[in-house]
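Please read the structure below before turning to the comments.
The values are calculated or read from the model by the stated rules, or taken from the named source; none is laboratory data. Predicted model, so just to flag it, every value in this text is computed and none were measured. In this analysis, Cβ positions are derived from the backbone assuming ideal geometry, glycine residues included, and neighbour counts consider all displayed protein chains.
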Protein chains: 2
Amino acid sequence: MKPSAKISLPPGNMLNPLPVVMVSCGSIPDDYNIITVAWCGTICSEPPMCYVSIRRERHSYDLVKKYKEFVINLCTQELCAITDWCGVRSGRKYNKFQLMNITAMAAEKVKAPLIAESPLNIECIVKEIISLGSHDMFIAEVVAVHADEKLLDPKTQALRLDKADLVSYSHGNYYSLGEKIGKFGFSVQKKTSKKK
Amino acid sequence: MKPSAKISLPPGNMLNPLPVVMVSCGSIPDDYNIITVAWCGTICSEPPMCYVSIRRERHSYDLVKKYKEFVINLCTQELCAITDWCGVRSGRKYNKFQLMNITAMAAEKVKAPLIAESPLNIECIVKEIISLGSHDMFIAEVVAVHADEKLLDPKTQALRLDKADLVSYSHGNYYSLGEKIGKFGFSVQKKTSKKK
């Protein structure tokens, strides 16, 4: 592989591709809201922890700060237009659940609702809020996870998240996941794998 | 869209898909190392900030903690096996640059090297280290970005990151990016766009 010449770009957020998820928040149906974020990620394995970063001006910022809870709902190809819409419209003006015709479902450990149509929902409790510049980072612990039962392999009961048609976000565009290149560890398995 | 029945899974890190990147660190060729991480993300827009989370036992943990600098190098289909290898092998045992036959290139603002073969390199300076459980989160500011000059559109000089064949990581597997579903905002453009 030959390295090629580099050009410098202004410092910016060029980490790609990213997750893109609907974060549901609020504590009663009247204040339920959804904000779409790509500034989110996993930050710790044990305990399982993740974060979402939200601009202070956003309607959901106040809800997450007040209740210290939220749910991450993964995005699929089928949910992509709804996810996009929830990212460009404000909950101050619109009841997003109603307008998008999606279902708020009771969570197990938090008052924020699950989005029932999402194939995987992650209930989170905020542990710490870190003020950065434009965004505050909500550091949270994962307290419950729910999956569409259709994603369970009927024989093994293993979660087949590869069947969920998840969506990735890169440089301002939404993409389906394409070809599987390999499983974690494939680079060393190639040389050694001769299973009996 | 019909919501389907849910099953509960143990609390875990189910946010998917994620980025997967090679993080280069160290300050002189003798201690240069690479660690592959998926626990990484963007946390603030202004100033541009991102994080990587690293287990304290990892060789790169000490390097990033000592020098408070690292470079994020995006992964492509061509770099995927190398990225995987750098995630399963330790820099305590192997000189990863040498063994993977990749090129350490001088960065602009940090002493950690760029991986020349990666299409996009993000120089980062650590601002804060947050101890969670198994992982520490290195919160960093982006101080410089470099791109393969072949990714610039010859006419507009715009960055065509869609030409970089980036890789996404989901539930333990590496995937190419597939079909473009839409651009951020497409859900509202569909209704209103009638350009003159």
Being assigned to a loop (DSSP other than H, G, I, E, B) and not aliphatic (A, V, I, L, M) is the filter; apply it to region A:59-92 and report the residue that is farthest from A:Asp148 (Cα to Cα). A:Arg92
Taking the stated definitions as given, is B:Glu78 over 29 Å from A:Asp153 (Cβ atoms), facing chain A (nearest Cβ under 7 Å) and surrounded by fewer than 24 Cβ atoms within 10 Å (Cβ to Cβ)? yes
Sole exception among (1) part of a strand (DSSP E or B); (2) more than 8 Å from chain A (Cβ to nearest Cβ) for B:Thr156, by number: (1)
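Taking region A:166-180 on its own, how many of its residues are in contact (Cβ under 8 Å) with a residue 40 or more places away in the chain and at the interface with another protein chain (Cβ under 7 Å from one of its Cβ atoms)?
Kept after step one, since they are in contact (Cβ under 8 Å) with a residue 40 or more places away in the chain, are these residues of region A:166-180: A:166-171, A:174-176.
Next cut, at the interface with another protein chain (Cβ under 7 Å from one of its Cβ atoms) only: A:166-168, A:170-171, A:174-176.
The qualifying residues number 8.
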Among (1) touching a Gly at 6+ places or on another chain (Cβ under 9 Å); (2) within 21 Å of A:Ala116 (Cα to Cα); (3) in a strand (DSSP E or B), the one test that A:Tyr51 misses: (2)
Could you list, in sequence order, all residues of region A:39-54 that are in contact with an Asp or Glu (Cβ under 8 Å, 6 or more places away or on another chain) and closer than 21 Å to B:Pro47 by Cα? A:Ser53, A:Ile54
Please identify the pairs in which a residue from region B:129-158 that is among the acidic types (Asp, Glu) has its Cβ atom under 6 Å from the Cβ atom of a residue that is modelled with pLDDT under 95 and not in a strand (DSSP E or B), counting only partners at least 6 apart or on another chain. B:Asp148/A:Ser4; B:Glu149/A:Ala5
Just to be sure before I move on: is B:Tyr61 under 11 Å from the mean Cα position of the chain (by Cα) and among the aromatic types (Phe, Trp, Tyr) in the structure I sent? no
Restricting to region B:141-169, name every residue that is among the hydroxyl-bearing types (Ser, Thr, Tyr) and touching a Ser or Thr at 6+ places or on another chain (Cβ under 8 Å). B:Ser168
Which of the residues belonging to region B:12-58 are without any contact (Cβ under 8 Å) to a residue 60 or more places away in the chain, facing chain A (nearest Cβ under 7 Å) and surrounded by fewer than 18 Cβ atoms within 10 Å (Cβ to Cβ)? B:Gly12, B:Ser45, B:Glu46
State all residues of region A:1-48 that are assigned to a loop (DSSP other than H, G, I, E, B), under 19 Å from B:Tyr169 (Cα atoms) and among the small types (Gly, Ala, Ser); if no residue qualifies, say none. A:Ala38, A:Ser45
Given the conditions (1) away from chain A (no Cβ under 12 Å); (2) among the β-branched types (Val, Ile, Thr); (3) surrounded by fewer than 17 Cβ atoms within 10 Å (Cβ to Cβ), and given that B:Val88 satisfies all but one, which numbered condition is not satisfied? (1)
Between a residue in region B:96-107 that is within 25 Å of B:Ala144 (Cα to Cα) and any residue that is surrounded by fewer than 17 Cβ atoms within 10 Å (Cβ to Cβ), which pairs come within a Cβ distance under 6 Å, given they are 6 or more apart or on different chains? B:Thr103/A:Pro3
The condition from (1) in contact with a Phe, Trp or Tyr (Cβ under 8 Å, 6 or more places away or on another chain); (2) surrounded by fewer than 24 Cβ atoms within 10 Å (Cβ to Cβ) that A:Pro113 misses is numbered (2)
Of the residues A:His135, A:His146, which single one is within 14 Å of the chain's Cα centre (by Cα) and within 7 Å of chain B (Cβ to nearest Cβ)? A:His146
Of all residues in region B:93-129, how many are in a strand (DSSP E or B) and touching a Ser or Thr at 6+ places or on another chain (Cβ under 9 Å)? 4
Selection status of B:Lys65, modelled with pLDDT under 95 and surrounded by fewer than 18 Cβ atoms within 10 Å (Cβ to Cβ): no
Residues of region B:51-87 that turn out to be closer than 19 Å to B:Asn13 by Cα and in contact with a Ser or Thr (Cβ under 7 Å, 6 or more places away or on another chain), as a count: 3
Return the pairs, sorted by first residue and then second, in which the second residue is assigned to a loop (DSSP other than H, G, I, E, B) and of a type in the set (A, V, I, L, M), the first residue lies in region B:108-119 and is within 12 Å of chain A (Cβ to nearest Cβ), the beta carbons are less than 6 Å apart, and the residues are 6+ apart or on different chains. B:Leu114/B:Ala107; B:Ile115/B:Ile102; B:Glu117/A:Met1; B:Glu117/B:Ile102; B:Pro119/B:Ala164
